[in-house]
Amino acid sequence: MSQHVVPVKTYVAIFLALLCLTALTTGVAFINLGAMNTVVALVIAVTKMLLVILIFMHVKYSSRLTKIVIVAAFFWLGLLLTFTLTDVFTRHWTPSPSGWGPSISAPAPREK
Amino acid sequence: MPKWLRLPLLPEGMPVAEATAVTHGPGSSQHAAQHIAHQFVDADQQHEAGTLGMWVFLVTEIMFFGGLFAAYAIYRGLYLPAFEYGSRLLDIRLGTTNTAVLIASSLTMALAVHSAQTGKRKALIAFLLLTMVFGATFLGIKAYEYVHKWDDFLVPGLRFAPTETLPAGVTLPNLQLFFCFYFFMTALHGLHMIIGLGIMTVLVILSRRGRFSADYYAPIEISGLYWHFVDIVWIFLFPLLYLIGGRY
Amino acid sequence: MSTAVAEVPGARPVNYLNAKYGIRSWLLTTDHKRIALLYLVSITFMFFIGGAAATLMRMHLITPGGALVQPETYNKLFSIHGIVMVFFFMIPSIPAVLGNFLVPMMVGAKDLAFPRINLLSWYIYVVGALFTLYAILAGGVDTGWTFYTPYSSTYANSHVIAAALGVFISGFSSILTGLNFIVTIHKMRAPGLTWFRMPLFLWAIYATSIIMVLGTPVVAITIVLVALERLLHVGIFDPKLGGDPLLFQHLFWFYSHPAVYIMVLPGMGVVSELIACFSRKRIFGYSFVAFSSLAIAVISFLVWGHHMFVTGQSIYAGLIFSLLSFLVAIPSAIKVFNWTATLYKGSISYQAPMLYGLGFIGLFTMGGLTGLFLASLATDVHLNGTYFIVAHFHYIMVGGTVMAYMGGLHFWWPKITGRMYSDAWARFAALLIFVGFNLTFFPQFMLGYLGMPRRYATYPAEFQVLNVMSSAGASILGIGYLIPLVYFIYSMRYGPIAGPNPWRATGLEWQTPSPPPTENFEETPVVTEEAYAYAQMAPPAAVAGRNAGG
């Protein structure tokens, strides 16, 4: 339970940090970093999210249960993403074995 | 409204006899006694249950939006040129402005909770109203963007016929897929904001009636959690939709 | 443990049933016990709707050419059967009826954490059911309960959106119920009720609630995407427009596999209670059973790809899912071993609840073992899409969960209503259900292995004998389900009054009068014993027999 009162100064400081990060991420969008653009954008987004969660949402001062609940949610989302992406992007890894062509014949029709 | 239909919005148990409402600072309401619902043993249990309940609800929201993010990630991986081109068609200035607006609303929401915690009723109401103003501004800018997309023939299913030639590697169906995600994810987010504005309205009304105090401010805090969550969704939507489109 | 003193001598004491009268007091109640009964009525209604669809299907399948309906109608029948049974009967059954009734009492609280959300949850269920009923009456849906794309999103001509919306809405009912249970169990346990003193039913409900909360939102958003694609003709899942039908399946099964554990876990919780009480023994390996519930909840989210082995999924993903699917059997097996060990040297009696509990153990084990055939990639290639799968999941869902649900209803009926039913009739119905069930579904294992596909309105003539057996079994099963309806309703008026604890069971719910007062407990109970303290119980008094009301 959050009886802890976060000082106004802290809130304002976090707010300014969030604004800076927003400016940063928008600025980086105009610089060519190749594949790293996505990575940098996500890293900045995660940082912003952590600031909001820990300070604005008081999780830094919350119980262990609250923290476990939040970690669990992201872990489960990660499960969904990981397994699904694993399927989609490894489908083409298995070439058809060349031996699976004409050497396999259809089974004989069943005797009635 | 008939009495039997009037479901109380907040727990209306017996006010705690030893209400400590009167002991905090100036500007607080005089009759902000604690209300404990009958199933709870004490105010602490009620506060903890309410907070945990909201966090569990936010978990469901993370999975709800998460399904969309997963689908988005897969299609972005499959059709990168189309998604990048689509991203470049979005207005980055409006997107950045909206991000700043929403972050500001999170600040005012946090300050509203702070005001409630320190028993400052007028500040509480002011910050709640400011949060609503920022939220409405966000929605206004979003609506403006939607109208522009309509004018540019970029609304999937309803009006999709982009006029400019598509770059190499970009097909029309794939581009439409990007805009499906753009509209659906931002619309779902917007819907959550509208619900948030509704919740804020209720809180403003109740604050004006003096329901909250330094000892009983759980609904403000819990609604704040919801509002910050909606902000976090946008913190991810913004880069994924607007920023990683190869604007260089 | 005193009953509230009635004002008028001879009048029934005030309990949750007679505390307030009138339809408004039921429709606007926040009492978890009344809400449980509201759910009981609604899901029983939906059960018979789903059962009617099944009856028509089994009648149709008596002849190979199809005796009864057109193939298009047959498709609608199996779709409706699946949608109604899965989303509107199985998923809510034990949690919403028994869970709602018992969880606050078992933790020693006056109600759930959020009673009004509990009521809202029921209303949401009803609205979802109405959408689905509309879809049925307007002409039905024929996509199967799995709504596979692109058929459901692009090509189907049936009422997909209405049915999908019904399912979407009912999902929120599930989410809110799960949320309520999680918070109640975490925050409202009575003094002395540590986690490891809780009845195993609570562990099972807790694990179920975790699955509900994490999985349901994903299928919710997926169904909305299908509806949008149907409305706007965009290509989210349509390969012609660049969409990936397998993506739908991933998102769908990410929930729907854990959903089958939502269906079976509460049943396992009930069985723990039944086995302990009717063996007069504590559950062997309590902490193993408790942790296995959590393990099932977690591992259940890692196996969904086993529904997609033959869909063109990556072979590597298939390998991983297959391995993990074998793993998920382990915690279930742990439970079965522990229940069996509980029975060993127990003082066993065979009242109706116990018959259902024992039936669960046997039939669930068979269903679970046949799941291993399906978890292994190679055999699944042969068995997928056949009646083997149908038999497998019916063994678990009907032979498992429905039996546990019936057992739980029979066990807690005296607590819920204050009346006892006829145990002779109850045992007869249980045996009829057991025989009917096996006759219905065992032949289906054989049909599947021999190659009869599922969801087909016709079949080769050589399969007729087994199909007729299955349909015959279904009729017996149907009668078996109707009989409890009669004696339960009869008992509410004419059954002998049951005392607070007719089974002499442990647990806080048995420390209150039957039916309980609205606030459950006069004072907050304090727990000092382990769960299932049967060994420490005093021997029965001369009058209180074991067969209360047999």
**Message:** Return the residues of the stretch B:97-124 that are assigned to a helix (DSSP H, G or I), facing chain A (nearest Cβ under 7 Å) and over 17 Å from the mean Cα position of the chain (by Cα); say none if nothing qualifies.
**Reply:** B:H114, B:Q117
**Complete:** A:I14: passes all of (1) surrounded by 19 or more Cβ atoms within 10 Å (Cβ to Cβ); (2) of a type in the set (A, V, I, L, M); (3) under 20 Å from the mean Cα position of the chain (by Cα) but (3)
**Fill in**
Residues in the stretch C:485-500 that are closer than 24 Å to C:T512 by Cβ, touching a helix residue (DSSP H, G or I) at 6+ places or on another chain (Cβ under 6 Å) and either buried (at least 16 other Cβ atoms within 10 Å of the Cβ) or of a type in the set (D, E) (or both) total 1
**Message:** Going through C:G357, C:G400, C:G408 one at a time, which residue ends up being of a type outside the set (A, V, I, L, M, F, W, C), under 17 Å from the mean Cα position of the chain (by Cα), in a helix (DSSP H, G or I) and within 30 Å of A:L79 (Cα to Cα)?
**Reply:** C:G400
**Item:** Conditions (1) in contact (Cβ under 8 Å) with a residue 60 or more places away in the chain; (2) among the aromatic types (F, W, Y); (3) in contact with a helix residue (DSSP H, G or I) (Cβ under 6 Å, 6 or more places away or on another chain); number of the one not met by B:F134
**Value:** (1)
**Request:** Quick one: count up the residues across the stretch A:13-36 that are out of contact with any helix residue (DSSP H, G or I) (no Cβ under 7 Å at 6 or more places or on another chain) and either assigned to a helix (DSSP H, G or I) or within 9 Å of chain B (Cβ to nearest Cβ) (or both).
**Result:** 9
**Asked** When you go through (1) surrounded by fewer than 21 Cβ atoms within 10 Å (Cβ to Cβ); (2) charged (D, E, K, R); (3) at pLDDT below 95 one by one for B:E48, which number turns out not to apply?
**Response** (1)
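Yes/no per residue for (1) closer than 24 Å to B:T60 by Cβ; (2) touching a Ser or Thr at 6+ places or on another chain (Cβ under 6 Å):
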residue: A:Y11; (1), (2): no, no
residue: A:T26; (1), (2): no, yes
residue: A:I31; (1), (2): no, no
residue: A:M36; (1), (2): no, no
residue: A:V43; (1), (2): no, no
residue: A:K48; (1), (2): yes, no
residue: A:L54; (1), (2): yes, no
residue: A:L81; (1), (2): yes, no
**Request:** Six or more apart or on different chains, Cβ under 7 Å: which pairs go from a residue in the stretch C:374-399 that's in contact (Cβ under 8 Å) with a residue 24 or more places away in the chain to one that's outside any helix (DSSP H, G or I) and surrounded by 21 or more Cβ atoms within 10 Å (Cβ to Cβ)? Could you list them?
**Result:** C:L377/C:F309; C:D380/C:F309; C:V381/C:F309; C:N384/C:F309; C:T386/C:M452; C:Y387/C:M452
**Asked** So which of B:G53, B:G67 is touching a Pro at 6+ places or on another chain (Cβ under 9 Å), within 10 Å of chain C (Cβ to nearest Cβ) and not aromatic (F, W, Y)?
**Response** B:G67
**Asked** On the given criteria, is C:F47 under 23 Å from the mean Cα position of the chain (by Cα) and farther than 29 Å from C:E529 by Cβ?
**Response** yes
**Asked** What do you reckon, is B:G77 within 13 Å of chain C (Cβ to nearest Cβ), of a type outside the set (S, T, N, Q) and closer than 16 Å to C:V213 by Cα?
**Response** no
**Message:** Looking at the structure I just gave you, is C:G507 out of contact with any strand residue (DSSP E or B) (no Cβ under 6 Å at 6 or more places or on another chain), more than 14 Å from chain B (Cβ to nearest Cβ) and within 24 Å of C:L439 (Cβ to Cβ)?
**Reply:** no
**Prompt:** In this structure, does C:T512 turn out to be buried (at least 17 other Cβ atoms within 10 Å of the Cβ) and closer than 21 Å to C:G359 by Cβ?
**Reply:** no
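Within the stretch C:222-243, take every residue that is of a type in the set (V, I, T) and crowded, with 24+ Cβ neighbours inside 10 Å and give me the one that is nearest to A:L80 (Cα to Cα).
C:T222
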**Fill in**
Taking the stretch C:300-335 and keeping only residues that are buried (at least 19 other Cβ atoms within 10 Å of the Cβ) and more than 10 Å from chain A (Cβ to nearest Cβ), one is left with C:S300, C:H306, C:H307, C:F309, C:S322, C:S325, C:V328, C:P331, C:S332, C:K335
**Request:** Provide a single number: the residues in the stretch C:88-121 that are closer than 22 Å to C:A505 by Cα and within 14 Å of chain B (Cβ to nearest Cβ).
**Result:** 9
**Prompt:** Got at least one residue in the stretch C:247-260 being within 14 Å of chain B (Cβ to nearest Cβ), of a type in the set (G, A, S) and within 26 Å of C:S153 (Cβ to Cβ)?
**Reply:** yes
**Prompt:** Of all residues in the stretch C:139-181, which are modelled with pLDDT of 95 or more, outside any helix (DSSP H, G or I) and over 23 Å from C:F393 (Cα atoms)?
**Reply:** none
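Can you tell me how many residues in the stretch C:65-85 are hydroxyl-bearing (S, T, Y), under 18 Å from C:V390 (Cα atoms) and surrounded by fewer than 22 Cβ atoms within 10 Å (Cβ to Cβ)? Reasoning before the result, please.
Taking the stretch C:65-85 first, the residues hydroxyl-bearing (S, T, Y) are C:73-74, C:79.
Applying the additional criterion that residues be under 18 Å from C:V390 (Cα atoms) yields C:74, C:79.
Retained after the next criterion (residues that are surrounded by fewer than 22 Cβ atoms within 10 Å (Cβ to Cβ)): C:74.
Matching residues across the stretch C:65-85 total 1.
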**Fill in**
Here the qualifying pairs (Cβ atoms under 6 Å; residues six or more apart or on different chains; first in the stretch B:209-228 and closer than 15 Å to B:L197 by Cα; second polar (S, T, N, Q) and modelled with pLDDT of 95 or more) come out as B:H228/B:S106
**Asked** Checking C:V381 against (1) out of contact with any Ser or Thr (no Cβ under 9 Å at 6 or more places or on another chain); (2) part of a helix (DSSP H, G or I); (3) modelled with pLDDT of 95 or more, which single condition isn't satisfied?
**Response** (3)
**Scan of the stretch C:45-64 for residues that are touching a residue at least 60 places away in the same chain (Cβ under 8 Å) and either closer than 17 Å to C:Y387 by Cα or of a type in the set (V, I, T) (or both), ordered by number** = C:I49, C:A54, C:T55, C:R58, C:M59, C:H60, C:L61, C:I62, C:T63, C:P64
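When you go through B:G196, B:G246 one by one, which is the residue that is touching a residue at least 12 places away in the same chain (Cβ under 8 Å) and part of a loop (DSSP other than H, G, I, E, B)? Full working, then the answer.
Values: B:G196 fails: part of a loop (DSSP other than H, G, I, E, B).
From the options B:G196, B:G246, the qualifying one is B:G246.
For the stretch C:185-199, which positions are assigned to a helix (DSSP H, G or I) and at the interface with chain B (Cβ under 8 Å from one of its Cβ atoms)? Let's see the steps before the verdict.
From the stretch C:185-199, those assigned to a helix (DSSP H, G or I) are C:185-187, C:195-197; that's our starting set.
Those that are assigned to a helix (DSSP H, G or I) and at the interface with chain B (Cβ under 8 Å from one of its Cβ atoms): C:H186, C:K187.
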**Message:** I'm told B:H35 meets every condition in (1) over 17 Å from the mean Cα position of the chain (by Cα); (2) within 11 Å of chain C (Cβ to nearest Cβ) except one. Can you identify the failing condition by its number?
**Reply:** (2)
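Looking only at the stretch B:196-227, how many residues end up being among the β-branched types (V, I, T) and within 14 Å of chain A (Cβ to nearest Cβ)? Lay out the reasoning, then the answer.
Within the stretch B:196-227, the first condition is being among the β-branched types (V, I, T), and the residues that meet it are B:199, B:201-202, B:204-205, B:220, B:222.
This time we only want the ones that are within 14 Å of chain A (Cβ to nearest Cβ), so: B:220, B:222.
Residues in the stretch B:196-227 being among the β-branched types (V, I, T) and within 14 Å of chain A (Cβ to nearest Cβ): 2 in total.
Considering each of B:L102, B:L68 in turn, give the residue that is at pLDDT 90 or above, more than 21 Å from C:P115 (Cβ to Cβ) and either among the charged types (D, E, K, R) or touching an Asp or Glu at 6+ places or on another chain (Cβ under 6 Å) (or both).
Values: B:L68 fails: either among the charged types (D, E, K, R) or touching an Asp or Glu at 6+ places or on another chain (Cβ under 6 Å) (or both).
None of the other options fit; the residue is B:L102.
The values are calculated or read from the model by the stated rules, or taken from the named source; none is laboratory data. No experiment lies behind these values; they were computed from the predicted model shown. Reconstructed Cβ throughout: ideal geometry from the backbone, glycine too, with neighbour counts over all protein chains shown.
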